[in-house]
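*Asks:* Quick one: the structure is below, questions incoming.
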Amino acid sequence: MLKRYWRSCGAYLGSKVGGWVPEWMKDVSPARWPRRIFDSMMEPHNGDSRGALFVFTLIALSFMAAMFVMAVVAQLQTNSGLGTFGDFFGGVLNPIFSFLTFVGLLITIVMQQKEIREAKATAEKQGFETLFFQMITIHNSIVNSMDLRTKASADPPIAAQEFHGRDCFPRFYEHLKQEIKRAENANSPQPIEEGYAKFWERDRKDLGHYFRYLYNMFRIVDESGAETRQYMKLLRAQLSDYELIILFYNGLNEKGARFKPYIEKYAIFDNLPHELLLEDKGLQLYDGSATTDTIAARQEKVREFL
C-alpha cells in the first residue's frame, strides 16, 4: 500500500511539474552530474582526460582560494590574531587535501581497471585472430590434400588425368553439371535437388570433410562476437569461383541447409560468377543479401562521391 501511495504521488508531481520544466532539464539530477563528470574523466570521447582533470583541479584550487579569501576577510573583521587564522585555514585545507588524495587514489584504481579490461580485450582479440588464421591454414591444407584421378578411355581416346588441390573443383563442377543434366533429361521435377544428390553420392568422400570444416569456420566466427564481417570477408576471399558454385548448390540442398543462414548473413556470394550457374532460378532461392554486400556497396558509393 505504501509503495502504491509513493508511486501515485510521484506520478502526480511529475504531471504537474513536467509542464513547466524545460526538456533539457528533465534528464538532469544531482546524482547524474557527478557521474557524467567522472565518466568524462575516466572515458573521454577523444581518449584524452587531461582537460577534465585540469578542470577538476582548477575547481579545487578555486575553492581553496575562495576559502583563503573568506578566512582573510574574517580575520580582518575579528582581529583575533594569526593563530586563529592559521587554525581556521589549516582546518579547512587539510580535509580538502585529504579528499583530493582520496579522489586521486580512486581515479588511479579506475584507470588501472580500465587498462586491465583493455588488455584483456586485446588478448582475446589476438587469441581469436591466432585461432582464425590457424583455421585458414587448416582449411587450405584440406583443399591442398584433395586429389582426383580419371581413368583412361579408349573410345573416345582420353588419357588418364590427375587433379590436385583447388584444381579439383572445376572437376567437381563438371560432375555436378553432368548429374543435373541427367536429371533434366529424365524429366525430373526437381533436377537440381536430384542432380545434387547424385553428385554428393559420387564425390562425398572428397567433399564431406571440406564442407564440415568450412561450416564450422563460419559458425565459430559468427559466435565469436568479434568484428565478424571483417573476418568473413577474409574467409570469403579464400574461396575460388568453383568453390563458390559448389557451395551455392550445397546451400540449396537439405545437407547444406545449416549453411544457408551464414551465406545470406555475410553475403558470401557477393562475387559469385553468375555465368557458371547451371540455371538462373537458383538465385531466387537465396535472399538478396547472399549476393550483395550492402556495407561494401555503400562504401563504394561513398568513394565514388568523394
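The values are calculated or read from the model by the stated rules, or taken from the named source; none is laboratory data. Given the structure is predicted, the values throughout are model-derived calculations rather than measurements. Cβ placement follows ideal geometry from the backbone for every residue including glycine, while neighbour counts extend to all protein chains displayed.
*Asks:* Quick one: in the range 141-152, which of the residues that are touching a Lys or Arg at 6+ places or on another chain (Cβ under 9 Å) and of a type in the set (S, T, N, Q) is nearest to GLU223 (Cα to Cα)? First the steps, then the outcome.
*Replies:* The initial filter retains those residues of the range 141-152 that are touching a Lys or Arg at 6+ places or on another chain (Cβ under 9 Å), namely 143-144, 146, 148, 150.
Now drop any that are not of a type in the set (S, T, N, Q), which leaves 144, 150.
Working: ASN144: 27, THR150: 41 Å.
Going through the qualifying residues, I end up with ASN144.
*Asks:* Another question, then. Six or more apart or on different chains, Cβ under 6 Å: which pairs go from a residue in the range 101-129 that's within 30 Å of ILE220 (Cβ to Cβ) to one that's among the hydrophobic types (A, V, I, L, M, F, W, C)? Could you list them?
*Replies:* PHE128/ALA226
*Asks:* Across the range 250-269, what is the number of residues that are acidic (Asp, Glu) and modelled with pLDDT of 85 or more?
*Replies:* First, the residues of the range 250-269 that are acidic (Asp, Glu): 254, 264.
The next check asks that each one be modelled with pLDDT of 85 or more; those that pass are 264.
The total comes to 1.
*Asks:* What number of residues within the range 120-166 satisfy the criterion of being exposed (fewer than 12 other Cβ atoms within 10 Å of the Cβ), in a strand (DSSP E or B) and at pLDDT 80 or above?
*Replies:* So the answer is 2.
*Asks:* If you go through the range 247-281 one residue at a time, how many are surrounded by fewer than 17 Cβ atoms within 10 Å (Cβ to Cβ), more than 30 Å from the chain's Cα centre (by Cα) and assigned to a loop (DSSP other than H, G, I, E, B)?
*Replies:* 2
*Asks:* Still on this structure, I have one more. If we scan the range 174-181, do we find a residue that is outside any helix (DSSP H, G or I), surrounded by fewer than 16 Cβ atoms within 10 Å (Cβ to Cβ) and free of Cβ contacts under 8 Å to residues at least 40 places away in the same chain? Even if it seems obvious, please write down each step before you answer.
*Replies:* Initial filter on the range 174-181 (outside any helix (DSSP H, G or I)): none.
No: the range 174-181 contains no residue that is outside any helix (DSSP H, G or I), surrounded by fewer than 16 Cβ atoms within 10 Å (Cβ to Cβ) and free of Cβ contacts under 8 Å to residues at least 40 places away in the same chain.
*Asks:* Here are the criteria: (1) modelled with pLDDT under 85; (2) under 25 Å from the mean Cα position of the chain (by Cα); (3) of a type outside the set (Val, Ile, Thr); (4) closer than 22 Å to THR137 by Cα. Tell me which single one TYR213 does not satisfy.
*Replies:* Checking TYR213 against (1) modelled with pLDDT under 85; (2) under 25 Å from the mean Cα position of the chain (by Cα); (3) of a type outside the set (Val, Ile, Thr); (4) closer than 22 Å to THR137 by Cα, the one that fails is (1).
*Asks:* Counting only residues that are surrounded by fewer than 18 Cβ atoms within 10 Å (Cβ to Cβ) and either touching a strand residue (DSSP E or B) at 6+ places or on another chain (Cβ under 7 Å) or outside any helix (DSSP H, G or I) (or both), how many does the range 221-246 have?
*Replies:* Result for the range 221-246: 6.
*Asks:* Check LYS181, LYS125, LYS205 and return the single one that is over 22 Å from ILE245 (Cα atoms) and charged (D, E, K, R).
*Replies:* Values: LYS181 fails: over 22 Å from ILE245 (Cα atoms); LYS205 fails: over 22 Å from ILE245 (Cα atoms).
Just one listed residue meets the conditions, LYS125.
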